[in-house]
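Beneath this line is the structure, given in structure tokens, with notes to follow.
The values are calculated or read from the model by the stated rules, or taken from the named source; none is laboratory data. Please read all numbers here as calculations on a predicted model, not as lab measurements. Here the Cβ positions follow ideal geometry from the backbone for every residue, glycine too, while neighbour counts run over all protein chains shown. Heads up: the accessible areas ignore ligands, DNA and RNA and are worked out on the full protein's heavy atoms, side chains in. Shrake-Rupley method; radii C 1.70, N 1.55, O 1.52, S 1.80 Å.
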Amino acid sequence: MFSLKVLPLRMLRAGSGSSLRTITLGAAKATKKNELEIEESDDTELPVTLVDDDRESAEDREARVEALRNKSRLLPQHRNMLHELLPYEQSQSWIHETVKYKRMMLGRYGVAGSRVDPRLCFPTAKEAHEKAEYDRVAFPFTLRQMMDANETAKKARKAEIEAREADIARKLEKLDQWTADLNARIEKKEREARVAKERKDRLVEEVRRHFGFKVDPRDERFQEMLAQKEREDRKKVKDAKRKEKEDKMMEKLQKKTEELEAAEVDVASGKKQ
């Protein structure tokens, strides 16, 4: 049953009887020593293969077998979590004694699995009072008041949208007129720019004819004569505008005079009748 330590033997020459007896005696002593060591180690811890099942209880044997089955090398708490069991049998930190942690364990593993009193999930009188005070400050309005305020805000947004759409519709109606006015202003500016350019070209040509020969436009004499021509031209334009204005005023006065004369004639004819 037990392995014995066998000493190595050497080959001896024939006729050496005394040496052979010495080797045999040494082997016998070694065997006897091994037997004594085995007898002395009966009360000490034996290897797993040498444990006597009769002397081991069923619970101890089950625990030993379960330990031998665990080949995952996971920590006990991690292995428990893998099998959906409570990680720790006893608290390992102050966090495990907090209400939040116990509520979390109760929600995850149930009443039997977490070994937590379900009454812990209900708020205390102090917590209920603090929650009510928080709700009173954070949500001061009732549900009906909030619904009414939401309905009022919806109506205000709807009215704003309708007003915006009506304003856009009115502006779209005027879009054609605005487009025509814009095109007219653009055309007027282009016409004025074209007239100004033609006037400038005309003045330059008049200056060149004044000198009778080709002159560099950058020449000082040319610039002086051009400025003089521009002043004369502006004066002519101004006079023309003044004359046009006077003609309009005279036309209005004449029209007003005719109206007054017609009124006087009507009054005189009325008196005669």
**Request:** Mind counting the residues in segment 111-150 that are touching a residue at least 12 places away in the same chain (Cβ under 8 Å) and among the charged types (D, E, K, R)?
**Result:** 1
**Request:** Would you be able to say whether some residue in segment 62-70 is open to solvent by 70 Å² or more (accessible area, probe 1.4 Å), among the β-branched types (V, I, T) and part of a helix (DSSP H, G or I)?
**Result:** no
**Request:** Please work out which one of (1) in contact with a helix residue (DSSP H, G or I) (Cβ under 6 Å, 6 or more places away or on another chain); (2) open to solvent by 80 Å² or more (accessible area, probe 1.4 Å) is the condition L203 fails and give its number.
**Result:** (2)
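Residue by residue, here is whether (1) among the acidic types (D, E); (2) surrounded by 11 or more Cβ atoms within 10 Å (Cβ to Cβ); (3) more than 30 Å from K71 (Cα to Cα) holds:
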site: E89; (1), (2), (3): yes, yes, no
site: E97; (1), (2), (3): yes, no, yes
site: G113; (1), (2), (3): no, yes, no
site: A125; (1), (2), (3): no, no, yes
**Checking E151 against (1) open to solvent by 100 Å² or more (accessible area, probe 1.4 Å); (2) charged (D, E, K, R); (3) modelled with pLDDT of 95 or more, the condition it does not meet** = (1)
